[in-house]
Every structure is written in C-alpha cells, then in structure tokens.
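Novice: Starting off with a structure, shown below.
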C-alpha cells in the first residue's frame, strides 16, 4: 500500500484581492487554465540563474532582500514539469515569485505557449509527498507565501531553510519552443504570527431524511475562479442550495476559508478538482486540508493510488465533464475506481449529451453483468459571472444534512439532477404491493404490472421521456404551466431499469427532434434527469 500524502498544514485568509484579468473567458475556456498535469521527470538541461549579491548586514540587522533570476528554453515535447531549485537560507520570512514566458506567433490551428506554475517546499517534490505549498496554474503571474498569509492557491506555513522548488508546467509549447523567466525574491525578517485555519463544520441544520440540493463543482479565486469564497457562499444561498463542495483546481488552499461562511442553512464540504493531462476528476468530501496530487497521466498508473487516498478519507471519486472538447479534459482513466460520474456540467451542450448517452449505455452493461452501476451527477462548474451557481445541481435523498449522509446518498445514486431550484419532481415505480424510488431496487415477479409515475413542475411546455435499457419507451408533453404527472406501465421482464428525463421544448416550441443548439441534437436542452430505478425479477 503506498504511503498516503500528509495534509497541507494550513490555508490562507480570504481577504486577498481577486485578480483582475483584462478579458473574461467563457466557462469552457476557463477549463483550459490551471491545467498543469502529467509526468514528473525532468530530463532537460539545467536552467540558468543568477542571484543578486546581498549587501553585508550590520551585526544584528536583518539581511536585505535577495532575488534569484531563472531563465531557460523548453523545446516542443518537453516533459510535463520542470523543477527549478531554490536554496532558502535561515531567516527568510516570505518567498515571492513572479514569472513570464514568450508567446511567439503560431500558424492557425497550432497551440501557442501556455505554462503553469506552483511551488514545493524543502520536503520535496515527490508525487503525493508532503512538500506541496501551492499551485495557481496559468491564472497568476506572481504569488507569495509566508508563515501567516499566502496568495490564494498557496498555503501559509513555515518558511523553513532548505531546497525549495518552483515548478513550471509547460501545458502547451509552440513549435519555436518556450522561453521562460522566473524571479524569486527572498524577504528576511521575523516570521510573523501563525496562520489559523477555519474549516467548515461537517453538519448543518437539516430536515432529517429529506431531499437536499447541492452543487459539487465550484471554483473561487483560490484557483481560476473570480469569485471570493464569500461570493460563492452567497450565490449558493441565492440558488436555494443546501450544500456545496469546494473544488478548486489542484490545491486545498480554500478549505480553511469556508468555516465562517458555512452555517445552519448551508453545509460546505472540502474538495478538489484534480486536473490531469488525461482528464479531470472531482474529489468530494475530503478531510479539511487534504491535498490530492494531479501530476500523472493514465499510462503512469498512479490514478488508482490517489483514488484510494480519497476513499480512505471517506470521500468520493467523480470523473468530471468526461467529453469536454478541450485538450486534456477528456476522461481516459476508466471508471473502475469512480463512485459517480458528472454527466451534466454547466449549460447543456453536445458534450453533456454524449456523457449521458455513455452513462446510460454503461447502466445496461453493469446490470446485465450483476455489477454496481455508476450514479450520475450534475454541477455548475461555475467560475465567475455570468456563470450561475447551482445551474445545474444534484438533489440527493440523505438521512440528514451532514457530510457523511450527503456522500452516502450520492454514492448510492439516490439523486436526480435539476437545472435550478425552480424544478421539482417525484419519480417512483409501484407494483405487486411494493414501491421503489430513485436509486432503489424493486424485485417483483417477471410479468407483474408496474406503474411508473413521474410528477414534475417548473418546466413549462417541457417533454418527459421515460427510458429503459431498450431506450426511450414513452414520451409526453407537459402543459404550459410546466406541471404534470405522467404514468406508464411496464414489467420487470421488459425493463432492467427505468429512468426519467425532462427536456425543454425546441426553440420553435415543439417537443420533437432538433433544437436551438443544432438540427442534429435529438432533444431540447435538459431540465431534469433522474438516476435509475432498478427492476429485478423474482417471486419473493
């Protein structure tokens, strides 16, 4: 069994100003920032560097700041990470880093230069090791950290002497190569007060066994988002959510900021989005301060190790937006270690349609082979305005509004997906004196008649689709007020499972094939999607 990485020591305060980039990228474009991932070997010529000479300090005086400049060239095909060693002497109170790289013109259709950055302390850069001190991907050009404070994305803590490493992640390299320039400033002085983390509670005031709404994929200024944690918490409350999961890219730094922002009405769970070169995955419900490494590819066979790490802490492993069309976003690790899969990410698009189709196909195979099936999740992946927190979100049946109860409900598939809190539904199958709901099993004689009932509201003029392992078996339109009940009859001999979709009408108001997203998309955009009710044959 591999050694589990130790948790980072602390977090950073939330009063850091949010970055102000000149342009505001779209949600899918934001997925391309902060994507430092892959193998960890170097195999390049050593970078060049020159330290400025520090003036001799008078006895008892604080040494002057010291700056190290590191430059170098990375050719096309360079390894995924470049480790730049920095010797940190005694007496350093703060490390400040800035960097840049050239962006030469490239032919149309050819990726240009893109390079991420982070830092590891004297404990080393080993994969899953304890040395991680922060990552900002390509979202920031400078950062600093000290004992009591750090730029969002980085971890406050002791600035111990030894060999630290600034780590560059050349995400894309132009045909001309990439010229980088890094400046590291060591500031001397008293270390200052220790940072005090404020982690969120694992329990909120719930309603007992009930349906709870939550968004499990959200970003803040601690990675590539533009919302502060307090803005995300306010947005979650405005969206009518009961819980959220913090999933900043490749860092645990936001965990200790959430304590004062949670409350009796909002459960906040720590998490992380792990962005590898072969896909992204969500670690949901991590222990406070727990960090999950991302620096590997599928062929490195390291992913199962980190999935086990999350499982040991009681958290969930969830592949995210598996068909996202951008480089490094498509999921390549398989689903053996997954607890659920994110099939709906932000506003409904073609890649969500593909994710649902693949998920549905896997349901039939899993049930045929007697294996457990993979529940579906929907999340907003919101980074900044105008992306809407809670659109979509997952509605989960849990015993109470606690970390363990919410994770248990998600793991069991007792959940459905909604585009907003305006959408409500109830989905059941009854027959032979028995009843089952979403995520449950119903065992009945093979030919016993079963009534499938869906009651929905909040989707004016929408279309209800009832699907089994044979595909769509029933379709019915909702009235103009968006509320209605649909009933359809089947048997366990004809359906291994049944699930429901509620779709918006096409742009022309009709429920048939095609919509405003393109003539070839079969149905209108999703408004709600349930996990299946499994039907088993038996005489008991």
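Novice: Can you find even one residue in the range 103-115 that is in a strand (DSSP E or B) and closer than 25 Å to residue 162 by Cα?
Specialist: no
Novice: Quick check on residue 171: is it in a strand (DSSP E or B), under 30 Å from the mean Cα position of the chain (by Cα), modelled with pLDDT under 95 and surrounded by 22 or more Cβ atoms within 10 Å (Cβ to Cβ)?
Specialist: Yes.
Novice: Let me ask another. Is there a residue being within 15 Å of residue 216 (Cβ to Cβ) and buried (at least 19 other Cβ atoms within 10 Å of the Cβ) anywhere in the range 323-336?
Specialist: no
Novice: Given the options 264, 322, name the one that is within 16 Å of the chain's Cα centre (by Cα) and touching a residue at least 12 places away in the same chain (Cβ under 8 Å).
Specialist: One residue alone meets the criteria, 322.
Novice: State yes or no: is residue 111 within 25 Å of the chain's Cα centre (by Cα) and over 30 Å from residue 149 (Cβ atoms)?
Specialist: Against the criterion (within 25 Å of the chain's Cα centre (by Cα) and over 30 Å from residue 149 (Cβ atoms)), residue 111 qualifies.
Novice: Among the residues of the range 225-241, which ones are in contact (Cβ under 8 Å) with a residue 24 or more places away in the chain, out of contact with any strand residue (DSSP E or B) (no Cβ under 6 Å at 6 or more places or on another chain) and surrounded by 18 or more Cβ atoms within 10 Å (Cβ to Cβ)?
Specialist: If the condition is that a residue be in contact (Cβ under 8 Å) with a residue 24 or more places away in the chain, out of contact with any strand residue (DSSP E or B) (no Cβ under 6 Å at 6 or more places or on another chain) and surrounded by 18 or more Cβ atoms within 10 Å (Cβ to Cβ), then 225, 226, 227, 228, 229, 233, 235, 239 are the ones that fit.
Novice: Here are some residues: 165, 198. Which one is buried (at least 16 other Cβ atoms within 10 Å of the Cβ) and part of a loop (DSSP other than H, G, I, E, B)?
Specialist: Going through 165, 198 in turn, the sole match is 198.
Novice: Also, quick follow-up: Of the conditions (1) closer than 26 Å to residue 171 by Cα; (2) surrounded by fewer than 21 Cβ atoms within 10 Å (Cβ to Cβ), residue 260 clears all except one; give me its number.
Specialist: (1)
Novice: Yes or no: residue 370 surrounded by fewer than 24 Cβ atoms within 10 Å (Cβ to Cβ), assigned to a loop (DSSP other than H, G, I, E, B), free of Cβ contacts under 8 Å to residues at least 24 places away in the same chain and on the phi > 0 side of the Ramachandran plot?
Specialist: Judged against the criteria, residue 370 is a match.
Novice: What strands (runs of 3 or more DSSP E) lie completely within the range 464-507 and have 1 or more residues being more than 34 Å from the chain's Cα centre (by Cα)?
Specialist: So the answer is 471-477, 484-490.
Novice: I'd like the full set of residues that are more than 23 Å from the chain's Cα centre (by Cα) and over 21 Å from residue 91 (Cα atoms), limited to the range 142-168.
Specialist: Of everything in the range 142-168, just one residue is more than 23 Å from the chain's Cα centre (by Cα) and over 21 Å from residue 91 (Cα atoms), namely 142.
Novice: Is it fair to say residue 439 is outside any strand (DSSP E or B), in contact with a helix residue (DSSP H, G or I) (Cβ under 6 Å, 6 or more places away or on another chain) and closer than 30 Å to residue 389 by Cα?
Specialist: yes
Here's the yes/no breakdown for (1) at pLDDT 95 or above; (2) in a loop (DSSP other than H, G, I, E, B); (3) closer than 27 Å to residue 441 by Cβ; (4) out of contact with any strand residue (DSSP E or B) (no Cβ under 7 Å at 6 or more places or on another chain):
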site	(1), (2), (3), (4)
333	yes, yes, no, no
339	yes, yes, yes, no
342	yes, no, yes, no
354	yes, no, no, yes
410	yes, no, yes, no
416	yes, no, yes, no
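Novice: Next question. Residue 192 fails exactly one of the following numbered conditions: (1) within 30 Å of residue 62 (Cβ to Cβ); (2) modelled with pLDDT of 95 or more. What is the number of that condition?
Specialist: (2)
Novice: On the given criteria, is residue 280 in contact with a helix residue (DSSP H, G or I) (Cβ under 8 Å, 6 or more places away or on another chain) and within 30 Å of residue 504 (Cβ to Cβ)?
Specialist: No; evaluated as a whole, the condition is false for this residue.
Novice: Only one residue in 365, 452 is over 18 Å from residue 526 (Cβ atoms), over 22 Å from the mean Cα position of the chain (by Cα) and crowded, with 21+ Cβ neighbours inside 10 Å. Which one?
Specialist: When all the criteria are applied, what remains is 452.
Novice: In the range 131-143, what residues are buried (at least 17 other Cβ atoms within 10 Å of the Cβ) and at pLDDT 95 or above?
Specialist: The answer is 131, 132, 133, 134, 135, 136, 140, 143.
The values are calculated or read from the model by the stated rules, or taken from the named source; none is laboratory data. None of the values given here were measured: they were computed from a predicted structure. Don't worry about glycine lacking a Cβ; one is built from the backbone with ideal geometry, like all the others, and counts go over all protein chains shown.
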